[in-house]
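These notes concern the structure reproduced below.
The values are calculated or read from the model by the stated rules, or taken from the named source; none is laboratory data. None of these values were measured; they are calculated from a predicted model. Don't worry about glycine lacking a Cβ; one is built from the backbone with ideal geometry, like all the others, and counts go over all protein chains shown. The area values use the complete protein model at the heavy-atom level, side chains included, leaving out ligands, DNA and RNA. Shrake-Rupley method; radii C 1.70, N 1.55, O 1.52, S 1.80 Å.
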Amino acid sequence: EEAISHLNKNQYCWLITGVAGFIGSNLLETLIKNNQFVVGIDNLSTGYKKNLENVEHLYQDLFKKNFVFIEGDVCDQSTCSNAFKACRSFITLNGIKCQSVDFVLHQAALGSVPRSIEDPISTNLHNVTGFLNILNFSKDQNIRRFVYASSSSVYGDEQTLPKVEQITGNLLSPYAVTKYTNELYADVFEKNFKIETVGLRYFNVFGPRQDPNGMYAAVIPKWIDSFINNRTVEIYGDGKTTRDFCFIDNVVQANVLSALSRNKNISGQVYNIAFGSKITLEELALLIKENLQARNVKSNFQIEKKDFRQGDIRHSIASIQKAKEIMGYNPTHSVLDGIEKSMAWYLND
């Protein structure tokens, strides 16, 4: 891929917020193995040290030389300030010091629609105040581009399928409000401070290192774990709800492309990041079951249907045309591909 080839020939300093999380640690892995400098922030509330240790195990020398971890919260301004200063600790082979962060990949957030309904204050603090802190520091640091995680939740109750970026509906949860607020702040900062921003509306991201446990675990890791351990699989609703699941490798590709793209039209915009196909929850459960059986994993799981959850949307599929045309996004892994790769990781874990 052209972007990876570019990374192999050029060293940049990247700041990843939420670096110990599922998405953040996968971004870290890709950048470290391509000899990039990375500063990472995480307060370890939903991220895990073991995710960083996993990357260290894979790329020991590069990890020690090219990565600085700051345990702290993006809601804390001193943490944000220290992160931008930390890049100056990197010295390249020819003795030149990094002077500033080149790219910010902002992934830190409190996820989950149900959690935001139960605790809107914490969701707002981390997802809005934390976002604004990082964005505000970024504008003063002369960075090349600020790439941030938005969400398909901003489409709310809009019924049009597939989802296209310019048509959104009424928001259905505090989480959706925070993500839409991020997009508004990014747009205003782009106009007022000339900082380049790119928003990525993730659709149901899944893959290795995604936590299967806890109240707010995402559906695929939770179900894989339930199947493996013969626990009841809960489907909210009638099982006909559809989602556009996006494997983590596709998301990593989108982040790298967003940062490195030379297309002048890329900044100041938001993009759907998905695979571009939908699957029902019943079909998903069957796919996971078949994949386990193919690996000779026997399971006596039961499926239990429960009431629809507040704030959940019924159907979702993304148009990824805009991301394809402007950033050259080309998702490499379907749901089936992703489940096969995820299964291998969960069974070895």
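Below, the figures for the structure above:
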read-out: Search result, residues across region 204-238 that are farther than 15 Å from I339 by Cα, open to solvent by less than 30 Å² (accessible area, probe 1.4 Å) and under 18 Å from the mean Cα position of the chain (by Cα); value: A217
read-out: Filter pass, R88 being closer than 20 Å to V252 by Cα and either surrounded by fewer than 23 Cβ atoms within 10 Å (Cβ to Cβ) or not small (G, A, S) (or both); value: no
read-out: Any hit, region 245-256, residues being of a type in the set (G, A, S), more than 24 Å from R314 (Cβ to Cβ) and within 12 Å of the chain's Cα centre (by Cα); value: yes
read-out: Residue ID - nearest to S5 (Cα to Cα), chosen from residues in region 41-54 that are touching a helix residue (DSSP H, G or I) at 6+ places or on another chain (Cβ under 7 Å) and without any contact (Cβ under 8 Å) to a residue 40 or more places away in the chain; value: L52
read-out: Test for L172: is it of a type outside the set (S, T, Y) and surrounded by fewer than 23 Cβ atoms within 10 Å (Cβ to Cβ); value: yes
read-out: Residues located in region 224-265, provided they are over 14 Å from I4 (Cβ atoms), among the small types (G, A, S) and in a loop (DSSP other than H, G, I, E, B); value: G237, G239
read-out: Filter result for the condition that a residue is touching a Phe, Trp or Tyr at 6+ places or on another chain (Cβ under 9 Å) and touching a residue at least 60 places away in the same chain (Cβ under 8 Å), over I303, I317, I279; value: I317
read-out: Subset of region 43-53 that is surrounded by 18 or more Cβ atoms within 10 Å (Cβ to Cβ) and out of contact with any strand residue (DSSP E or B) (no Cβ under 8 Å at 6 or more places or on another chain) - its residue that is farthest from S78 (Cα to Cα); value: N51
read-out: Filtered residue count, region 182-203, keeping only those that are open to solvent by 50 Å² or more (accessible area, probe 1.4 Å) and closer than 28 Å to R314 by Cβ; value: 1
read-out: Helices (runs of 4 or more DSSP H) contained in region 112-197 and holding at least 3 residues out of contact with any Pro (no Cβ under 8 Å at 6 or more places or on another chain); value: 113-118, 130-139, 174-193
read-out: Some residue of region 142-151 being within 17 Å of Y185 (Cα to Cα), within 21 Å of the chain's Cα centre (by Cα) and surrounded by fewer than 19 Cβ atoms within 10 Å (Cβ to Cβ); value: no
read-out: Hits in region 99-111 - residues which are open to solvent by 30 Å² or more (accessible area, probe 1.4 Å) and under 18 Å from S150 (Cβ atoms); value: A109
read-out: Region 116-131: number of residues that are at pLDDT 95 or above and surrounded by 18 or more Cβ atoms within 10 Å (Cβ to Cβ); value: 7
